[in-house]
Amino acid sequence: MMAGEYSEYDYVEADTIDVSELKPLDAETKSIMKSEFSTGIKLTVFYYIFILAIPILNWFASEFMFSRMWGGMTYSWFLTSIVAMAMAFVIAFIHTALYEKRLQNKQADTNQTTSSADERSIM
């Protein structure tokens with residue numbers, strides 16, 4: 001069955017969007033996007049440095065990196081597989097926690113603005 005044959009919704013054909021026709025972002029959205037981008041870049045750079053460090057350690061500390069831990073697994077494989085996967089989860093947790101913190105701060109600022117506006121209107 002083709003996408004255009006579904007009757008559950010009105011099918012809208014995909015089209016291209018001219019970026020120059022889009023409205024500029026409001027200040028709040030622009031600020032949120034900058035902070036999210038900044039956080040993402042920092043965490044990405046940290047992860048890439050770690051991943052790049054593994055082949056560098058393999059080259060300069062090969063005796064250690066290729067020595068056996070348990071079950072025949074080398075430190076190199078341990079860092080590449082187990083630690084790198086754990087770091088991905090930690091990075092996702094950090095990014096989510098920072099986003100939630102920014103969201104709570106934004107809600108607190110909104111509540112303060114609303115309450116201070118209410119106080120002024122009462123007096």
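Data overview
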{"item": "With all protein chains modelled, accessible area of ILE49 [1.4 Å, Å²]", "result": "110 Å²"}
{"item": "Sequence of GLU63, GLU21 from largest to smallest accessible area, 1.4 Å probe", "result": "GLU63, GLU21"}
{"item": "Cα gyration tensor category, rounded, prolate or oblate, for segment 31-107 with a/c compared to 1.5", "result": "prolate"}
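The values are calculated or read from the model by the stated rules, or taken from the named source; none is laboratory data. These figures come from a predicted structure and were not determined experimentally. In case anyone asks, the SASA skips ligands and DNA or RNA and just uses the protein heavy atoms, side chains included. Shrake-Rupley method; radii C 1.70, N 1.55, O 1.52, S 1.80 Å.
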